[in-house]
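Worksheet for the structure shown next.
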Amino acid sequence: METSEFVVVGGGVAGVCAAYFLASEGREVVLLERDVPAPDCPLSSSGEVAKVFRCAYGRDRAMTRLCMASLRQWRRFQEESGSTLVEPSGMVVFGADRPETLAKWRDPGLARFARESTETMRAEGLEHELLDKSQLIERFPQIRKNDGYDHAILDKTAGLIYAQRAVRTIARLAIERGAEIRPHVTVEDVARRGQDVEMLATSKGNIKPKRAVVFAAGHRNATLVPELRKKTRVTRQRVLYLKPEKAGLYDSEHFPAVVSLNEWRYVLPIHGAGITKVADDDKYHPDRMVDLGDSTEDVDVDPGFSEDARSFLRDFVPGLADAEEVDYRTCCYTNTREERYLIYKRGNAVVLSACSGHGFKNGPMTGMLGAALASGRGESHPLYSDDFRYENAGDV
């Protein structure tokens with residue numbers, strides 16, 4: 001039977017980062033990926049062209065600091081590889097405080113997010129502005145002035161991470177440090193003795209971890225680590241890709257990412273081949289729950305989402321409302337009740353269940369913490385939080 005000191009399951013952002021950091025320590029590491037790292041037609045975040053980076057997290061200073069650390073590491077990856085992985089754009093998040101505006105919000109707590117983020121970012125010394133409605137429209141005339149918000153935070157740390165390029169680049173850097181990455185290898189069974197993983201049965205033979213296994217398989221983690229079924233839920237999020245005629249108005253130099261927490265929608269600046277996207281970010285809708293016993297490859301296109309998305313754009317970014325539709329996809333999101341990561345070790349198994357919506361941007365730190373846990377140093381890491389422990393996460 002084949003053996004390896006460390007085995008990483010999953011070639012998304014968390015997995016390739018864990019492999020990179022383990023290999024950088026001189027460890028023997030094999031990464032198993034059922035497709036290829038960051039495939040072209042993904043159900044995962046890691047294969048998309050671009051994801052949003054941000055540090056604005058309301059009053060949550062721990063997440064803000066995790067994002068700050070991840071941004072520093074993203075820049076190191078960029079310098080090391082010579083490839084553009086992060087592109088600044090800023091991000092606007094709407095808020096409300098007037099009674100007549102608050103009455104239109106489903107959750108008044110979300111209406112305070114912009115002001116709470118302002119306080120946290122000020123305390124952390126991060127670049128930002130709190131703009132009233134008139135200031136916002138003057139700065140970004142592409143955004144419509146409507147009665148659904150009163151102000152917005154402009155998070156100046158925010159921007160685009162070129163997701164697919166980033167994952168493939170980090171995979172290459174991991175290989176250069178000695179990691180072995182095996183595409184098209186599916187983990188079919190996990191043999192355990194107590195809390196320890198004794199062997200992984202794969203489509204290409206069996207492999208035994210000598211030190212630890214790192215599970216970083218995204219929404220498939222719960223099929224490999226059954227205990228996660230109590231702590232996580234998976235939903236399908238809808239994404240509409242558009243190609244505007246006046247692309248220059250919506251590139252990252254002139255247009256920020258736009259987020260409405262009330263409508264659970266976000267819009268990205270132009271990326272890829274002149275495309276932008278408007279996405280559904282409602283992680284709580286019962287109709288979008290995925291039964292992990294079913295195949296997630298059979299993706300149902302929701303014919304109503306295109307019009308829903310365009311209706312949102314007419315209210316907030318009207319210049320994109322009639323843009324040419326290029327593609328429609330869904331993406332599987334994994335979440336916990338408190339939208340916190342689960343990063344923990346049981347026996348010789350390390351689990352990286354990164355909450356989607358947070359997961360990609362913090363991939364470097366998730367991978368670093370996973371590598372540290374696998375090596376036995378994780379719980380002393382300054383960014384490791386009790387909130388990440390399995391025992392402290394409520395059931396969904």
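The values are calculated or read from the model by the stated rules, or taken from the named source; none is laboratory data. Keep in mind the model is a prediction, meaning the values are calculated, not measured. Virtual Cβ from ideal backbone geometry, glycine too; neighbours counted across all protein chains shown. Quick note on the areas: whole protein, heavy atoms, side chains included, nothing else; ligands and nucleic acids left out. Shrake-Rupley method; radii C 1.70, N 1.55, O 1.52, S 1.80 Å.
Once every Cα of segment 141-265 carries one equal point scatterer and solvent is ignored, give the base-10 log of I(q)/I(0) from the Debye formula at q = 0.13, 0.18, 0.23 Å⁻¹, two decimals.
These q points yield log10 I(q)/I(0) values of -0.87, -1.17, -1.51.
Would you calculate the separation in nanometres between label points at S134 and E379, each defined as 7 Å from the Cα along the Cα-to-beta-carbon direction?
Roughly 5.7 nm, to one decimal.
Students often forget the sequence filter, so: which lysines lie under 19 Å Cα-Cα from K208 once same-chain residues fewer than 8 apart are removed?
By straight Cα distance, K208 reaches K345.
Are any of the pairs K210/K231; K104/K133; K145/K277; K204/K230; K51/K230 more than 26 Å apart by Cα-Cα distance, and if so, which?
K210/K231; K204/K230; K51/K230
With the cut-off at 26 Å, report for the chain the share of all Cα pairs above it, as a whole percent.
More than 26 Å apart: 52 percent of the Cα pairs in the chain.
Where is the GNM fluctuation largest for the chain (alpha-carbon springs, 10 angstrom cutoff): L154, L71, L102?
Ranking L154, L71, L102 by mean-square fluctuation puts L102 first.
If I fit a long axis through the Cα atoms of helix 363-375 and take the longest principal axis of the Cα atoms of the chain, what angle between them do I get, 0 to 90°, rounded to 10?
20
Round to a whole number: what % of the accessible area of the chain belongs to carbon and sulfur, probe 1.4 Å?
45
In deg cm²/dmol, rounded to 500, what helix-only [θ] at 222 nm does the chain give when every DSSP H run of at least 4 residues adds -39500 (n - 2.57) and the total is split over its residues?
-7500 deg cm²/dmol
Give me the 1.4 Å probe accessible area per residue for segment 70-128, excluding ligands and nucleic acids, in Å².
In whole numbers, segment 70-128 has 50 Å² accessible per residue.
Going by Cα centres, segment 357-396 and segment 78-119 are how many Å apart?
Between the Cα centres of segment 357-396 and segment 78-119 lies a distance of 24 Å.
Using only Cα atoms, find the angle between the long axis of helix 61-81 and the longest principal axis of the chain, and express it within 0 to 90 degrees, rounded to the nearest 10.
That helix lies at roughly 70 degrees to the long axis.
Relative contact order of the chain: what whole-number percent is it, with Cα pairs under 8 angstrom and at least 6 residues apart?
Here the relative contact order equals 24 percent.
Between the helical axis of 13-24 and the dominant principal axis of the chain, each derived from Cα atoms, what acute angle in degrees is found, rounded to the nearest 10?
50
If you filter segment 119-215 for GluC sites (Glu not before Pro), then keep DSSP loop positions with at most 16 other Cβ within 10 Å, what is left?
Passing both the DSSP loop test and the Cβ count: E127.
5 Å is the cut-off here: which amide hydrogens, built 1.01 Å from N in the peptide plane, fall below it relative to D196, excluding neighbours closer than 5 in sequence?
Distant-sequence amide H within range of D196: N348.
If I build a Gaussian network model for the chain, linking alpha-carbon pairs within less than 10 angstrom, which residue out of S353, S70, S375 has the largest mean-square fluctuation?
Highest fluctuation among the options: S375.
Report the FRET efficiency, 1/(1 + (r/R0)^6), for D189 and D107, where r is their Cβ-Cβ distance and R0 is 45 Å, rounded to 0.05.
Calculated value: 0.60.
Run the quick spin-label model on D147 and E253: label points 7 Å from Cα toward the beta carbon, then report their separation in nm to one decimal.
3.9
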